[in-house]
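Derivation of every value follows stated rules applied to the coordinates shown; laboratory data play no part. Only a predicted model underlies this, so the values are computations on that prediction, with no experimental measurement involved. Cβ: placed from backbone, ideal geometry, glycine included. Neighbour counts: every protein chain shown.
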Amino acid sequence: MLDNHIYNLMMQAVDEHKSIYRIKNMYKQDAKNCKQCLALWEQLEKDKEAHIRQIQDILMDHMGSSTKKQMYYGEKGEKKAEQTKMKRYYGTEEKKAETAKR
């Protein structure tokens, strides 16, 4: 069982993702005719993406996951995923090759 503060981090990550979704798909479109409001939503979007990365890094440290899935957004706003293997799981190149064969 995980400590309550880990669940709190997970819930906050979910809330941040939901907020980014609303900003990208609703708020920015509604504010397209107002430069000041659009700039605000774009800044909030960047801030929330940074929060998600920070929360995700802390969760990975606490949970010791072997794979870290990083979510980021490309230049055109499309979502992309990147798999990164953590060294503490694989350790050596031999273990990487052995695991890849499975």
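Per-residue 3J(HN,Hα) values for segment 30-39, derived from phi via the Karplus relation 6.51 cos²θ - 1.76 cosθ + 1.60 with θ = phi - 60°, read 5, 9, 4, 9, 10, 4, 5, 5, 4, 4 Hz in sequence order (x marks Gly and Pro).
Just want the ordering: ASP30, ASP15, from fewest to most Cβ atoms lying within 10 Å of their own Cβ. If you can, show how the numbers build up before the last one.
Working: ASP30 11, ASP15 14.
Going from least to most buried by this count: ASP30, ASP15.
With charges set only on the Cβ (+1 for Lys and Arg, -1 for Asp and Glu), what does the dipole of segment 1-66 come to about its Cα centre, in debye to the nearest 20?
On the way: 9 positive and 10 negative charges, 92 e Å.
The dipole magnitude comes to about 440 debye.
Per 0.36 nm of contour for each residue apart, how much would the distance between LYS46 and TYR21 grow if the chain were fully extended, relative to their Cα-Cα spacing? Present the calculation step by step, with values, prior to reporting the outcome.
On the way: separation 25, 0.36 × 25 = 9.00 nm, distance 1.23 nm.
Length gained between LYS46 and TYR21: 7.8 nm.
If each residue of separation counts as 0.36 nm, what is the full-extension length gain between ASN8 and ILE58 once their alpha-carbon separation is subtracted?
On the way: separation 50, 0.36 × 50 = 18.00 nm, distance 1.18 nm.
Between ASN8 and ILE58, full extension yields 16.8 nm more.
Sort HIS62, HIS5, HIS51 so that the residue with the fewest other Cβ atoms within 10 Å of its own Cβ comes first and the one with the most comes last. All intermediate terms of the calculation are to be shown ahead of the outcome.
Values: HIS62 13, HIS5 10, HIS51 16.
By the 10 Å Cβ count, ascending: HIS5, HIS62, HIS51.
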